[in-house]
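Peer 1: Got a structure for you, written out below as structure tokens; questions coming shortly.
The values are calculated or read from the model by the stated rules, or taken from the named source; none is laboratory data. Predicted model, so just to flag it, every value in this text is computed and none were measured. Here the Cβ positions follow ideal geometry from the backbone for every residue, glycine too, while neighbour counts run over all protein chains shown. Heavy atoms of the whole protein, side chains included, go into the accessibility calculation; ligands, DNA and RNA do not. Shrake-Rupley method; radii C 1.70, N 1.55, O 1.52, S 1.80 Å.
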Amino acid sequence: MKLASLKSGRDGILVVVSKDLTRYCAAGNIAPTMQYALDHWDEVAPRLEALYTDVEHQVVPCERFHEREAASPLPRAYQWADGSAYINHVELVRKARGSEVPDSFYHDPLMYQGGSDSFLAPRDPIPLGDPAWGCDMEGEVACITDCVPMGCSAQDAGGHIKLLMLVNDVSLRGLIPDELAKGFGFFQSKPASAFSPVAVTPDELGDAWRGNLVHLPLLVDYNGEHFGRADAGVDATFNLAQLVAHAAKTRTLGPGTIVGTGTVSNKGADGGAGKPVNEGGAGYSCIAEIRMIETIADGAPSTRFMQVGDTVAIDMHDTDGHSIFGRIEQNVVQA
């Protein structure tokens, strides 16, 4: 099924959305908000599924679904933890700095705890205080869990993944080095993220959901041009279940915990750095990656970070070319 939160107050109004993303039916008589649904998932999920079937068969009153009216599926969350499943991305960053990737990165995921008290809606602008902060998009896949017990194994963690969605994990690259140098990790360099208009249950993906990964290209457009077409099921060192288990090693994850994959990144056909889309490659899901490749090749980057007026769009299509999650589409504005 497909669920969304229409903008209303802090937590939105839960609605069930048709498969083709054209219609919705309010689900308030079942669950008023997405968080309520996740808190009572075993009870309400079958009822929401039944309503989804009714929406598909058009046997209940529906209204037109407009993605611009949607908040992020969870407008705020108790927890947002972002991993780094695609080590190719990390390898490029390290190579550009002239350093090696520690061996531990290949069996112990990187993860940071992001701000989750307020997410951007999928069509909200990205506020930028200073262009020198180095505003970047990061196209990712994320899951939403039910309650995950502390110490949950990766094998069991997959069963706790209830919903999937896309992410634009906005990063301020110019602020990251000084923050990391303090030894306490990200804070100011990670402003509010935006999630896709719709979250879907894994079964909606059919064969594209296997091994706890989404095996479809992530479509990233930058200023109207194809920028990234990396396959989210390729070159992943860790899957979402492994990331969920990593997050739950020493703590219970409450219902509504969001766990992200980190920037989706593919190697080139020769096993090296990937090529831009206009050169036949899979392109990139963030600007930092192409800047790293430029630095490795030329000694300095030539692609600038996002400026006021720039736009980014993130989407994913099924094998018939239809949007699965709806489209994140944002422009950068002066804060």
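Peer 1: Expressed as a fraction of 2.2 N^0.38 Å, the rule-of-thumb size for a compact globular protein of N residues, what is the C-alpha radius of gyration of segment 41-97?
Peer 2: The reported ratio for this selection is 1.94.
Peer 1: Per-residue accessible area for H66 at 1.4 Å probe radius, Å² rounded to 10?
Peer 2: Its accessible surface works out to 60 Å², give or take rounding.
Peer 1: Note the direction-averaged projected area, equal to a quarter of the hull surface, for the Cα convex hull of segment 1-104, in nm².
Peer 2: Its Cα hull, projected and averaged over all orientations, spans 9.7 nm².
Peer 1: Residues of segment 189-335: accessible area per residue at 1.4 Å, in Å²?
Peer 2: Value for segment 189-335: 39 Å² per residue.
Peer 1: Using a basic spin-label model with each label point 7 Å from the Cα along Cα→Cβ, how many nm lie between V59 and E100?
Peer 2: 6.4 nm
Peer 1: List the aspartates and glutamates whose Cα sits under 17 Å from the Cα of K249, skipping any in the same chain fewer than 8 residues away.
Peer 2: D82, D108, D146, D156
Peer 1: Give me Rg over Rh for segment 98-171, both radii from the alpha carbons and Rh done the Kirkwood way, two decimal places.
Peer 2: Taking Rg over the Kirkwood Rh, I get 1.03.
Peer 1: Leaving ligands, DNA and RNA out of it, report the carbon-plus-sulfur percent of the accessible area of the chain at a 1.4 Å probe.
Peer 2: 50 percent
Peer 1: For an R0 of 22 angstrom, estimate the FRET efficiency from the Cβ-Cβ distance between D42 and S8 and round to the nearest 0.05.
Peer 2: My answer for the efficiency is 0.30.
Peer 1: Using all C-alpha to C-alpha distances in the chain, build P(r) with 10 Å bins and read off the rounded percent in each one.
Peer 2: Percent of pairs per bin, in order: 6, 27, 36, 23, 7, 1, 0.
Peer 1: P(r) for segment 125-221, please, calculated from all Cα pair distances in 10 Å bins and given in %.
Peer 2: The percentages, shortest bin first, are 13, 34, 30, 21, 2.
Peer 1: Among K182/K267; K2/K190; K95/K190; K7/K190, which pairs are too far apart, with a Cα-Cα distance over 26 Å?
Peer 2: Too far apart for the 26 Å limit: K182/K267; K2/K190.
Peer 1: Sticking with this structure for a sec: What are the principal axis extents of the Cα atoms in segment 223-335, in Å, biggest first?
Peer 2: So the extents along the principal axes, rounded to whole Å, are 45, 36, 36.
Peer 1: Related question: In the full protein assembly as shown, how much of K249 is accessible to a 1.4 Å probe, in Å² to the nearest 10?
Peer 2: The accessible area comes out at roughly 150 Å².
Peer 1: Can you give me the solvent accessible area of M1 with a 1.4 Å probe, rounded to the nearest 10 Å²?
Peer 2: 0 Å²
Peer 1: Within segment 1-88, report the trypsin sites (Lys or Arg not before Pro) that DSSP leaves as loop and that have at most 12 other Cβ atoms within 10 Å.
Peer 2: For trypsin sites (Lys or Arg not before Pro) across segment 1-88 that sit outside H, G, I, E and B with at most 12 neighbouring Cβ atoms in 10 Å, the list reads R10.
Peer 1: Is there a quick way to get the dipole size of segment 35-119? I mean about its Cα centre, with the Cβ of Lys and Arg at +1 and of Asp and Glu at -1; what is the value in debye to the nearest 20?
Peer 2: Around 440 debye, computed over segment 35-119.
Peer 1: Follow-up. For segment 273-312, report the % of Cα-Cα distances exceeding 12 Å.
Peer 2: 61 percent
Peer 1: When the helices in the chain are scored as -39500 (n - 2.57) per DSSP H run of 4 or longer and the sum is shared across all residues, what 222 nm value do you end up with, to the nearest 500 deg cm²/dmol?
Peer 2: -5500 deg cm²/dmol
Peer 1: On to the next question. Find the all-direction average of the projected area of the Cα convex hull for segment 2-43, expressing the result in square nanometres with one decimal place.
Peer 2: 3.0 nm²
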